[in-house]
Each structure stands twice: as structure tokens, then as C-alpha cells.
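So the structure is just underneath, and the comments pick up after that.
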Amino acid sequence: VSTAWGDSGLGRHKRMFAVPQGGKVVIDGKLDDWDLSGQIWIYVMQQTAEMQSARFAIMYDAEALYLSAVVRDPSPLMNKHDPRVDAAQAWDADCAQVRLTLDPAMGYPYHNNRSSADDQLVTFCLWFYTDRKEPCLQIGSGGNLVMPTPRASWPQGVAPAAEFQAAYVMSADKLGYTFEYRIPWKTLGAKNPPKAGDILAGNVQFNWSSPDGLHTAGFSAWAYDLLSQPGFPYQESRVWGKIIVSDKGNLPKALVEEG
């Protein structure tokens, strides 16, 4: 049974697949070298999906996690939160947030303790800093998902550019953009990186900015997906959905969209 509310996109998917990265992927903002068979469609409301939606995909290999999205956005790539100064507010504009258990041994579902210091329970924020045209990655961990503890060695938890690869490309009609990230398991701090057959708890959120790049419009500009049940994914991991680490790619659409 879907957890979605009415015609909103809230929790359309209880699960998604991470597929193996089968060949060389160039991080250039083009997805022609991706296996997108596990891609899911995320939106705020069905009526506005042509303006506010994202087609999100995950791949993996022994060295890294790969994330991509094709986003529709009436004011694309607007995020004025400088990672050197204001990374804690980067969620409040165009961005994607991914919440994840890094270690399959944590089990599914995973019930976090708000006081837990577990560094294998992570939240990371992906955004494009408009003023410097700079792809950004912020990583936090621990049971407090509202304010996850930033990596101590990185100011505000912002990963140095050498620790990941990312690219953003504006769509031809300037009403959207594509991004792709390659984030090494080492950068994420994974002590037991997942392998084919594993299951992780995870959640994904896309936010859309106002045209000034300083704030979102609140709930009407947030899309949550990968939810096992109603709840607040930024507060409790027990409501997160399931990420199945597939042993093969080229998955049939009926399997990906099942349920």
C-alpha cells in the first residue's frame, strides 16, 4: 500500500534499487553512460510535476556511491548559501538531501536513537552554489537527523572538492538541470561498504528554491520519497524506505515501480 497522501508525491516509493556501475562513468552532468533502470520519479504534487520534479537514480561500485537526478525547476540552480560560510542553511534553496545507513549490518528498518553518535547514520546535502558555480557536498552523521553532527575535520561538514566528483548542467530550455555525483565510500566514512544483495535504510528529499536562491516556499516546495510509512524522515529513520543493492542492472520497469 502506498504511503502517498492524495495526489501529492509524498512517499510514492517504499523502495528503490541501487544498480551496479557497469562501465566507465564520466562525471560531466550527462547521463548517457548511466544505467538508469532503477530511476524513480519524485515530485511535490502531481499537478505541478512538470515544474517541480526529479528523476533520481543510484549506482554503486566497490569504491563509490553514484547519485544522479534530472530536475524540473522554474528557477533552476538557485542556491545562494555559500559552503564556506552558510552551509548549515544550504537545504533552504535548490538542493537534494539523502539520508542513509551506510552499514548493511545496521539492519532494516533502522530505529535511530536521537542521542546516538553513530557515524554510519548519515545525512548529506547536495547543492550548486550559484555565485561560484560550485557543486557542493555536506555530510553529517548521528541520531539527531535535524542537526546531524558535521565531520569534525571539515568546517560545517563540507567535503573538500578533492573528496568527491560532481557536475551540474542546465537543461536546454532553462527550466531544469541535471546533476551527477561520485562520492567515494571513504569520503562518506563507510566502514563496511554495501555489496550486492544488501539492504540499506534510506530517504531522499528534493527542495525547490524561490527565484532569489535564499529560501524555499516550505512544504509546497519539498518532495519526500522513499518512505515506509508516514512520519518525519528528518527526525526518525524508522520511516525511511528500503534501498536494495541489486546484483544486476537493466532492471525491468515493472519491478522498479512495483507497489
Exercise for the section: With both partners inside the chain, how many of the DSSP beta bridges are antiparallel, as a percent to the nearest 5? Expected result: 90
Practice task
Could you do me a favour and compute the accessible area per residue for the chain, 1.4 Å probe, result in Å²?
Solution key: 44
Completion exercise
Probe 1.4 Å, all chains present, heavy atoms only: D28 accessible area in Å², nearest 10, is 50
Handout entry: ³J(HN,Hα), Karplus 6.51/-1.76/1.60, whole Hz, each residue of segment 226-243, x for Gly, Pro
Key = 6, 10, 7, 6, x, x, 10, x, 7, 10, 9, 7, 5, 8, 5, x, 10, 9
Exercise for the section: Compare N207, N192, N79 in a GNM of the chain, Cα atoms joined below 10 Å, and give the one with the largest fluctuation. Expected result: N192
Practice task
Net charge near L77: determine it from the other residues with C-beta under 10 Å of the C-beta of L77, scoring Lys and Arg +1 and Asp and Glu -1.
Solution key: 0
Completion exercise
CD proxy, 222 nm, the chain: helix-only mean residue ellipticity via -39,500 (n - 2.57) per DSSP H run with n ≥ 4, per residue, nearest 500, stands at -500 deg cm²/dmol
Fill in the blank from the handout: Highest mean packing first, using Cβ neighbours within 10 angstrom, the peptides 104-110, 150-156 sort as 104-110, 150-156
Fill in the blank from the handout: Once all protein chains are kept in place, H215 shows an accessible area at probe 1.4 Å, nearest 10 Å², of 100
Problem - Global geometry of the chain, whether rounded, prolate or oblate, following the gyration tensor of its Cα atoms and the 1.5 cut on a/c - result: rounded
Exercise for the section: Could you order D173, D225 so the one with the most accessible surface comes first? Probe is 1.4 Å. Expected result: D173, D225
Exercise for the section: Round to a whole angstrom and tell me the spacing of the C-alpha centers of segment 133-177 and segment 201-254. Expected result: 16
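Grab the other residues whose beta carbon is less than 11 angstrom from that of I42, score K and R as +1, D and E as -1, and report the net.
Cβ neighbours under 11 Å give a net charge of +2.
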Problem - Per-residue SASA entry for W222, accessible area with 1.4 Å probe, Å² rounded to 10 - result: 60
Completion exercise
Applying the gyration tensor rule to the Cα atoms of segment 67-196 (axes a ≥ b ≥ c; rounded if a/c under 1.5, else prolate if a/b exceeds b/c, else oblate), the class is prolate
Practice task
Could you please state how large a percent of the accessible area of the chain is carbon and sulfur, counting protein chains only and using a 1.4 Å probe?
Solution key: 56
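Quick one: grab the alpha carbon gyration tensor of segment 32-98, order the square roots of its eigenvalues as a ≥ b ≥ c, and give me rounded if a/c is under 1.5, else prolate or oblate depending on whether a/b is larger than b/c.
The shape class here is oblate.
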Fill in the blank from the handout: Candidates R99, R84, R15; GNM for the chain (alpha-carbon contacts under 10 Å) flags as most fluctuating R84
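The values are calculated or read from the model by the stated rules, or taken from the named source; none is laboratory data. Quick caveat, the model's predicted, so the values are computed rather than measured. Cβ atoms come from the backbone with ideal geometry, glycine included; neighbour counts cover every protein chain shown. Note: areas computed on protein heavy atoms with side chains; ligands, DNA, RNA excluded. Shrake-Rupley method; radii C 1.70, N 1.55, O 1.52, S 1.80 Å.
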